[in-house]
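These notes concern the structure reproduced below.
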Amino acid sequence: MTTNILFLSTPKRWAEYEPPLTHALAATGLDFRLAEELPAAEVDYIVYAPGGATDHDFTQFPRLKAVLSLWAGIETVIENPTLTAPLARMVDHGLTQGMVEWVTGHVLRHHLGMDAHILGQNGIWEPIAPPLARDRRVTILGLGTLGTACGRALASLGFPVSGWSRNPKTVEGITCLSGPDGLKQALSTADILVLLLPDTPATRDLLNAQTIAQLPQGSVVLNPGRGTLIEDAALLAALDSGQIAHATLDAFRIEPLPADDPYWAHPKVTVTPHIASETRATTASEVIAENVRRGEAGEPLLHLVDRALGY
Ligand code: NDP
């Protein structure tokens, strides 16, 4: 019997994904049909990456076996009450590598004080050497696929890295912390703080006036996670007071970030337009195809989302 896969996204993304996804699905040996439009009654799997509205009515797909997200963050679909089929998020090694490069690059920018040299070509010879990585502590909130990969990369450069997660864990080279006391400790040693948590009810506003006060004075915040992790007014106040020296933000509550948002004009803020990392079509297609194969073979799907936890 033919397995029908609906690609629910934008025409641009369809053009990008159709060749690699067709190739990866063909390699599974399944008899499949992959299309942008299919009769709802025949859809078995949905590859999910909507470009606009996210309030889809999944009850129109009576045969639906799973929704396979192209994104790592699934907050826009997880609370959809019409979705009862399993939901898998994206774990793609291309996406992970991209995040490692973005985080490492921005950590090194601040660690080495690159701005002073890039912006300060003023004829003044001021030879102040930056400290070594071993003297700059980095904390990563969120020690999942992305946080762990970033932590490992930074530890391999010599940074003392702490990571915080919901469950206790052990990762070689990283001081792993969990729970409320773990969070306090993680914050207190964050010369550079990296937010790589998902957007869930438990993580919203995690960086607020109270937690910001637990950071060392003059720390740097990098947020490639989600905009909802930060209470924006508290961050702006901490930047103004000097409690936080700089914030590099890639994710925002409203995207695109409105042109009049105070983050754009703030001298201690760098805005990047949600480009920290992207799902890569070739590698992600292999993950999607493997999950369709598993679904058809009755095997457990990879990267299933826990609805109760929200990630
Ligand atoms: P994972 O699900 O693999 O990891 C999430 C981590 O957060 C886990 O360590 C988890 O703990 C921890 N966590 C979740 N809830 C809590 C909590 N309440 N308290 C403490 N820790 C918690 O996700 P990924 O690493 O793949 O991705 C992380 C986020 O990065 C995504 O959700 C997405 O929002 C963002 N992202 C941003 C991109 C960008 O371009 N800006 C690109 C891709 C992703 P535990 O290990 O115990 O479960």
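The values are calculated or read from the model by the stated rules, or taken from the named source; none is laboratory data. Note that the structure is predicted; figures quoted are calculated from it, not measured. Note that each Cβ is placed from the backbone with ideal geometry, even for glycine, and that neighbours are counted across all protein chains shown. Just the protein is used for accessible areas: all its heavy atoms, side chains included, with ligands, DNA and RNA removed. Shrake-Rupley method; radii C 1.70, N 1.55, O 1.52, S 1.80 Å.
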Exercise for the section: Report the full-extension gain for the segment Ala259 to Thr84: residue separation times 0.36 nm, less the Cα-Cα distance, to one decimal in nm. Expected result: 59.2 nm
Completion exercise
Out of Gly123, Gly142, Gly151, a Gaussian network model of the chain with alpha-carbon springs under 10 Å gives the largest mean-square fluctuation to Gly123
Problem - Share of carbon and sulfur in the accessible heavy-atom surface of segment 179-311 [1.4 Å probe, %] - result: 56
Handout entry: In sequence order, calculated HN-Hα J values of segment 293-300 (Karplus, 6.51, -1.76, 1.60; Hz; x Gly/Pro)
Key = 4, 4, x, 6, 8, x, 8, x
Handout entry: Radius ratio Rg over Rh of segment 92-179, counting only Cα atoms, Kirkwood formula for Rh
Key = 1.08
Handout entry: Mean accessible surface per residue for the chain, computed with a 1.4 Å probe while every protein chain stays in place, in Å²
Key = 48
Handout entry: Computed helical MRE - 222 nm, the chain, DSSP H runs ≥ 4 contributing -39500 (n - 2.57), nearest 500
Key = -10000 deg cm²/dmol
Problem - Cα long-axis angle, helix 145-156 against the chain (0 to 90 degrees, to the nearest 10) - result: 40
Completion exercise
Spelling it out for Cys176: with amide H atoms placed in the peptide plane at 1.01 Å from N, the residues 5 or more places away or on another chain with amide H under 5 Å from its amide H are Gly163, Val171
Problem - Residue-span extension gain [Ala209 to Ser188] - 0.36 nm each, minus C-alpha spacing - result: 6.1 nm
Handout entry: Backbone HN-Hα couplings from phi across segment 215-224 [Karplus 6.51/-1.76/1.60, Hz, Gly and Pro as x]
Key = 7, x, 4, x, 6, 10, 10, 10, 10, x
Completion exercise
Between Phe32 and residues 5 or more places away or on another chain, the pairs with built amide H atoms under 5 Å apart involve Thr3
Fill in the blank from the handout: Under 13 Å by backbone N from the virtual spin label 7 Å along Cα-to-Cβ at Leu132, the residues of segment 143-180 are 157-160
Fill in the blank from the handout: Residues meeting the amide H criterion for Ala72 (H placed from the backbone, H to H distance under 5 Å, 5 or more places apart or on another chain) are Met90
Problem - Debye-sum result for the chain in log10 I(q)/I(0), which assumes one identical scatterer on each alpha carbon, at q = 0.14, 0.16 Å⁻¹ - result: -1.07, -1.28
Practice task
Take the alpha carbon atoms of segment 83-229, find their radius of gyration, then divide it by 2.2 N^0.38 Å using N residues; give the quotient.
Solution key: 1.13
Practice task
With +1 on each Lys and Arg Cβ and -1 on each Asp and Glu Cβ, and nothing else charged, work out how big the dipole of the chain is about its Cα centre, in Debye to the nearest 20.
Solution key: 760
Problem - Karplus-derived HN-Hα couplings along segment 190-207 (A = 6.51, B = -1.76, C = 1.60, θ = phi - 60°), whole Hz, x at Gly and Pro - result: 9, 5, 10, 10, 10, 9, 10, 9, x, 7, 9, x, 7, 9, 5, 6, 4, 8
Fill in the blank from the handout: Descending packing, highest mean Cβ count within 10 Å first, for 12-22, 184-194, 98-108 is 184-194, 98-108, 12-22
